[in-house]
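The values are calculated or read from the model by the stated rules, or taken from the named source; none is laboratory data. In this text, all values refer to a predicted model and were calculated from it rather than measured experimentally. Note that each Cβ is placed from the backbone with ideal geometry, even for glycine, and that neighbours are counted across all protein chains shown. The protein model used for the area step is the full one, side chains on, heavy atoms only, and it has no ligands, DNA or RNA in it. Shrake-Rupley method; radii C 1.70, N 1.55, O 1.52, S 1.80 Å.
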Amino acid sequence: MNAPQAKPRVLVIEDNATMLDGLEQVLTYFEYPVQGVQKAEDALKAMRESVPDIVICDYKLPGMDGITVLEKIKADYPQVEVILITAFGSIELAVEAMQKGAADFITKPFSADEIGVKLERLAQQLAERQELARLTAENQYLRDRDAGEFNYGEIIGRSETIQGVFRTIEKVAPTDASVIIYGESGTGKELVARALHKKSPRRDGPFIRVNCGALAEGVLESELFGHEKGAFTGALRRRPGRFELAHGGTLFLDEIGDIPLATQVKLLRVLQEKEFERVGGEETIRVDVRIIAATHKNLQQEVKEGRFREDLFYRLHIVPITLPPLRDRLEDVPLLAEHFLRRLQAELKKPGLRIESEALKRLQAYSWPGNVRELENVLERAAVLCENNVITASDLPPLDGGRDDRGLISDENLNLNATLARVEQMLIRRALEKAGGVKSRAAQLLGLRTNTLFYKMEKYGLE
């Protein structure tokens with residue numbers, strides 16, 4: 001049971017001693033804590049010591065009129081409500097008072113009941129405002145708490161698989177152990193690498209990334225180890241490599257499974273001995289670098305097939321982290337969507353940008369072959385095209401087609417429920433295509449009742 005709401009504190013400013021005493025008695029009768037003063041200067045001084053909730057101020061005061069007092073109070077204490085009292089009531093004065101922030105305006109003479117009713121109304125407004133502030137603070141606390149619980153830097157998720165990744169990062173980040181991150185394209189391998197760096201003792205050192213799959217063999221070697229002037233055509237000056245640039249920090253070798261065998265030999269030496277020579281050079285350079293690697297390939301299979309050195313594999317495979325594809329953690333889609341929409345609100349200058357529940361259902365029903373990166377791109381496109389800052393199902397691109405049945409069953413994707421859901425969606429789409437969009441015919445092809453088909457289409461957000 002909630003405690004009774006405390007009455008707001010009232011400060012009365014009235015130069016007439018008899019009127020001031022009468023107002024104090026009325027407010028005491030209605031159980032409002034009250035303080036009375038006769039001068040505006042005394043009132044402002046009292047407010048510096050203890051700010052009231054409501055000020056009742058006479059318009060005619062010596063030295064400073066009520067409008068001026070109102071302006072000063074609203075400038076310094078905008079949350080304080082002010083009621084002006086005057087014996088010289090006029091529409092112009094009332095309008096001016098209201099424009100400058102007065103909560104109410106009373107003309108003398110007035111009854112005790114009139115004061116009581118106006119104060120009761122203001123007290124209710126103050127109570128509602130305080131409750132709103134409390135709820136806002138509480139919601140912000142919950143958002144911050146959830147951010148800490150479900151976010152790890154830019155990695156978002158509450159599913160057990162991604163929470164397991166968070167726990168592994170927490171354990172391994174403070175060490176210097178080599179880490180290899182497995183995951184499909186778009187699952188966030190670089191985000192994990194950056195999180196490991198930021199949580200490590202090397203956080204103040206450099207984080208250097210190399211995309212090993214995007215560079216030809218000769219170029220990759222020069223990128224990794226640097227080169228001397230004249231080492232090859234176009235080498236017009238000495239150039240330090242990524243290992244040198246990463247000294248004291250972390251070197252992230254993305255798509256390491258694509259490194260040619262010849263470069264793998266040189267990389268193994270650096271990992272074992274922490275030294276190398278630049279291309280075309282003789283000086284041996286020693287470095288202190290932590291290695292984090294990533295790949296979308298099955299490196300054990302690559303080793304078996306002779307495309308990746310076994311000794312290098314074991315050097316890198318000290319701590320493996322496997323990132324699940326988004327199709328295996330669809331329960332994280334709403335959280336990811338909320339995260340991306342918050343960012344897009346600022347980037348696109350669309351305050352209050354949100355997504356309708358039907359559109360969210362469609363996002364959760366899709367298998368996301370492009371993973372989190374594809375989800376981000378879809379939401380950005382929809383946010384640009386949507387009207388009134390609300391993303392509806394019609395703002396989304398077609399989330400169907402042949403891609404859904406690609407890679408349904410593999411050694412890395414054995415989640416039964418998720419796989420069955422994808423198969424079911426694929427069959428429904430194919431049946432609808434074959435039936436020319438006639439749902440009763442599609443239901444017959446699927447061996448379902450028509451109302452069952454309607455339910456499943458709604459469940460998966462299919463049109």
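Sum -39500 (n - 2.57) across every DSSP H segment of at least 4 residues in the chain, then divide by the residue count to get the 222 nm mean residue ellipticity, nearest 500. Write down the numbers at each step before the final one.
Values: 18 runs with 221 residues, N = 463.
After summing the helix terms and dividing by residue count, I get -15000 deg cm²/dmol.
Of the options 378, 267, 173, report the single residue whose Cα projects farthest towards the positive end of the charge dipole of the chain (beta-carbon charges: Lys, Arg +1; Asp, Glu -1).
Going by the charge dipole, the pick is 267.
Using the scaling law 2.2 N^0.38 Å as the reference, what is the normalised Cα Rg of region 17-79?
1.11
Calculate the radius of gyration of the Cα atoms of the chain to one decimal place, then report Dmax, the largest Cα-Cα distance, as a whole number, both in Å.
Cα only, the chain: 34.5, 102 Å (Rg, Dmax).
Considering only region 200-332, what is the antiparallel percent among its DSSP beta bridges, to the nearest 5?
That works out to approximately 30 percent antiparallel.
Quick one: grab the alpha carbon gyration tensor of region 293-409, order the square roots of its eigenvalues as a ≥ b ≥ c, and give me rounded if a/c is under 1.5, else prolate or oblate depending on whether a/b is larger than b/c.
prolate
In whole Å, how far is the Cα centre of region 1-59 from that of region 324-400?
When both Cα centres are located, 53 Å separates them.
Once you keep just the Cα pairs under 8 angstrom separated by 6 or more residues, what percentage relative contact order results for the chain?
Working: 672 pairs, mean separation 48.6, N = 463.
It rounds to 10 percent for the chain.
Just for the chain, what percent of DSSP beta bridges are antiparallel, to the closest 5?
The answer is about 20 percent antiparallel.
Over region 300-347, average the accessible area per residue using a 1.4 Å probe and give it in Å², no decimals.
49 Å²
Let me know the whole percent of all Cα-Cα pairs from region 15-138 that are separated by more than 20 Å.
Values: 3343 of 7626 pairs.
That tail contains 44 percent of the Cα-Cα pairs.
Below 8 Å between Cα atoms, with a sequence gap of 6+, how large is the relative contact order for region 1-62 in percent?
Over region 1-62, the number comes to 46 percent.
Leaving out ligands, DNA and RNA, what percent of the accessible area of the chain is carbon and sulfur, probe 1.4 Å?
51 percent
For region 179-237, how big is the tail of P(r) above 17 Å, as a whole percent of Cα pairs?
56 percent
Once you put a point 7 Å from the Cα of residue 50 and another 7 Å from the Cα of residue 108, both along the Cβ direction, what distance in nm separates them?
Going from the residue 50 label point to the residue 108 one covers 2.7 nm.
Can you work out the PRE-style zone for residue 274? Point 7 Å along Cα to Cβ, and I want the residues of region 175-218 with backbone N under 15 Å.
175-178, 201-202
If all Cα-Cα distances of region 220-299 are sorted into 5 Å bins from 0 onward, what percent lands in each bin, rounded to whole numbers?
Percent of pairs per bin, in order: 3, 15, 25, 26, 17, 10, 3, 1.
Between residue 444 and residue 305, with labels modelled 7 Å along Cα→Cβ, what's the label distance in nm to one decimal, could you check?
Once both label points are built, they end up 4.6 nm from each other.
Scattering from the C-alpha atoms of region 347-396 alone, worked out with Debye: what is log10 I(q)/I(0) at q = 0.21, 0.26, 0.29, 0.32 1/Å?
-0.71, -1.02, -1.18, -1.30
Mind ordering 332-342, 290-300, 265-275 by average Cβ neighbours within 10 Å, highest first? Spell out each step's value before the answer.
Numbers: 332-342: 19.3, 290-300: 21.2, 265-275: 14.6.
Descending mean neighbour count gives 290-300, 332-342, 265-275.
Whole-Hz ³J(HN,Hα) for each residue in region 285-300, computed from phi via Karplus 6.51 cos²θ - 1.76 cosθ + 1.60 with θ = phi - 60°, x for glycine and proline: what do you get?
Computed from phi, the couplings for region 285-300 are 10, 9, 9, 10, 9, 8, 9, 10, 10, 8, 7, 9, 8, 8, 5, 4 Hz.
Roughly how many Å² of residue 209 are accessible to a 1.4 Å probe, to the nearest 10?
Approximately 80 Å² for this residue.
Once you have a ≥ b ≥ c as the square roots of the Cα gyration tensor eigenvalues for region 153-217, tell me rounded if a/c is under 1.5, and otherwise prolate or oblate according to whether a/b is larger than b/c. Numbers along the way, then the final one.
Values: a/c = 2.03, a/b = 1.18, b/c = 1.72.
Oblate shape, in that a/c is at least 1.5 and b/c is the bigger or equal ratio.
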